[in-house]
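Scroll down for the structure; my scribbles are underneath it.
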Amino acid sequence: MQLSGPRCIISIMKLAVPLVWLAIASIVMGAGPGTAPAHEPSPLFGFTAFPYDFTLEAVIKTHEIVVANSTIYALHFDDGIPWKEALADGPWPRRIQKEWDDQARGVPANHKIYLGLAPLATDRKSLAPATGEQKRLPLPAELAHAEFDDPKVETAYLNYARRAVKQFKPDFLNLGIEAGGILMRDPVRWRRFERLYEHVRSRLKQENPDLAIGISFSLGHLRVESNANIARPLIDKSDYLGLSFYPSAAAFDEKFGLPPYGQGAGAWRKPLAWVHGYTQKPIALCETGYTTRDSDLPQFDLHIKGDNRLQADYVRELFEIARRDRYAFVIWFLAIDYDRLYAKMPPGSEVMQLWRNIGLLDGDLRPKPAWAIWQEGVRTATN
């Protein structure tokens, strides 16, 4: 099963807080850039800037904390694509262009930039939904039944990615957030997606030779032997291997037949050791986190263990592993617990508990033990 909770968080916040990106651009910029030096060492460490509540204060505070304690700034676009305009290579709908302009103005000047795009919907087997002045639109007739490698899809997605690169000027581009999930959901169509990826990747690389381009996989999905073998040619063509990895959700992965992590508090070492041996490409943790709160998920008959000490241990070892194995970057998905946001979510949000308390600060912005470890790790990485 796809762990698409973070994507749901993004969608909910965009729906409920239309001022999020405007606030970052027009107000938070006064907070100034972070402390990153002009020449970043590798690996880089950062967060997404998704706020912990539907308020302007939460938007501003989250951005301040993220910028001051990171060396890479993450942008995730997983909420649909203006397919009609992208196919025609025409102007973006006014709402979309305004969001992009506001977000671009909010990017701190002294940080490297990671940009994640999503041609697939959160089911990770069909095209991303269309968006425009309205949040959700039907796919254009030309794309409604098109395969991934249809020339019209290739043209539209290339135009979309090309324009995103031009506007945000990323150092790292993810052409498919967790797109590797199609190997689990619809492996027969993987080759078609692979052709879409290569079409867009090769042309962007010609135009931007210094841009590092890849896609991301759930590490649990990639560790399935057949998936690892099938994915290797695409990974070999990429500049880095992107991963999503939430070790506190190991029981959730195993519930759906993914390889077990192993036993004991440090069970995250096994999958990270596996991927280091799997590829010589630079590894990038595009999403990671560890919950500090126990969660019961009756829908899945699961109890998820959370613990402050285990989170701190994971953060400490993550810095060590990232330096030792020369990761490109690490993105901790949420800086602050979203307890307040969770209380406002609609019924049926049970699975969102997996990410609710992965922040390094709690919902009242009180530091957890892992926060000091993170701050020291970032300081060490910039020296």
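The values are calculated or read from the model by the stated rules, or taken from the named source; none is laboratory data. Please read all numbers here as calculations on a predicted model, not as lab measurements. Glycine gets a Cβ as well: all are built from the backbone with ideal geometry, and neighbour counts include every protein chain shown. The accessibility values were calculated without ligands, DNA or RNA, using every heavy atom of the protein model including side chains. Shrake-Rupley method; radii C 1.70, N 1.55, O 1.52, S 1.80 Å.
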Place a +1 charge on the Cβ of each Lys and Arg in the chain and a -1 charge on the Cβ of each Asp and Glu, then give the dipole magnitude about the Cα centre in debye, rounded to the nearest 20. 440 debye
Rounded to one decimal in nm, the spacing of the 7 Å Cα→Cβ label points at N229 and N208 is 3.5 nm
Keeping every protein chain in place, order T131, T292 by accessible area at 1.4 Å, biggest value first, i.e. largest first. T292, T131
Backbone HN-Hα couplings from phi across the stretch 225-232 [Karplus 6.51/-1.76/1.60, Hz, Gly and Pro as x]: 4, 5, 5, 4, 5, 5, 6, 4
Amide H contacts under 5 Å for I213, restricted to residues at least 5 apart in sequence or on another chain and with H modeled in the peptide plane, are L173, D239, Y240
The local net charge around I182, scoring Lys/Arg +1 and Asp/Glu -1 for residues other than I182 whose Cβ lies under 11 Å from its Cβ, equals +2
³J(HN,Hα) across the stretch 178-187 via Karplus (A = 6.51, B = -1.76, C = 1.60, θ = phi - 60°), whole Hz, x for Gly/Pro? 6, 5, x, x, 5, 5, 8, 7, 7, x
I'd like the carbon and sulfur percentage of the solvent accessible area for the chain, probe radius 1.4 Å, heavy atoms only, ligands and nucleic acids excluded. 52 percent
Does the chain come out rounded, prolate or oblate by the C-alpha gyration tensor, with a ≥ b ≥ c the root eigenvalues, rounded set by a/c under 1.5 and, if not, prolate when a/b is larger than b/c and oblate if not? rounded
Residues other than T55 with Cβ under 12 Å of its Cβ, Lys/Arg counted +1 and Asp/Glu -1, net out at +1
So if I take the centroid of the Cα atoms in the stretch 69-112 and the same for the stretch 198-260, what is the distance between those two points in Å? 23 Å
By the Cα gyration tensor axes a ≥ b ≥ c (a/c under 1.5 gives rounded; else a/b larger than b/c gives prolate, otherwise oblate), the shape of the stretch 115-194 is oblate
Rounded to whole Hz and in sequence order, give me ³J(HN,Hα) for the stretch 336-347 from the Karplus expression 6.51 cos²θ - 1.76 cosθ + 1.60, θ = phi - 60°, writing x for Gly and Pro. 10, 4, 9, 4, 5, 5, 4, 5, 9, 6, x, x
Between L127 and residues 5 or more places away or on another chain, the pairs with built amide H atoms under 5 Å apart involve A121
Rounded to the nearest 10 Å², what accessible area does Y246 show when all protein chains are kept and the probe is 1.4 Å? 20 Å²
Mean separation of Cα contacts under 8 Å (at least 6 apart) over the residue count of the chain, i.e. the relative contact order in percent, is 18 percent
